[in-house]
């Protein structure tokens, strides 16, 4: 049995950690909006969004599962602003 076998038995996380910092989430969403506007959705990377936000790439994954989830979060935030 190796050291990795215990980790394999642990349940894999299926959702990101709860966003406990609304300001950081807003910063990420604004950075995503800028990146998507500049380069389009398909050409934008999570790394580019992290750089734009001034955060580590891993921090994004604490708030969003991936780029699709980030886009949905942006749509939600823009919808809230419109209301």
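Residue-wise test of (1) within 16 Å of residue 76 (Cβ to Cβ); (2) modelled with pLDDT of 95 or more.
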| residue | (1), (2) |
| --- | --- |
| 4 | no, no |
| 13 | no, no |
| 16 | yes, no |
| 23 | no, no |
| 29 | yes, yes |
| 42 | no, yes |
| 47 | no, yes |
| 50 | no, yes |
| 58 | no, no |
Report, ordered by the first and then the second residue, all pairs with beta carbons closer than 7 Å, sequence separation of six or more or different chains, a first member in region 33-45 that is surrounded by 10 or more Cβ atoms within 10 Å (Cβ to Cβ), and a second member that is in a loop (DSSP other than H, G, I, E, B).
-> 35/44; 36/44
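The values are calculated or read from the model by the stated rules, or taken from the named source; none is laboratory data. Owing to the predicted nature of the structure, the values given are computational and were not obtained by experimental measurement. Virtual Cβ from ideal backbone geometry, glycine too; neighbours counted across all protein chains shown.
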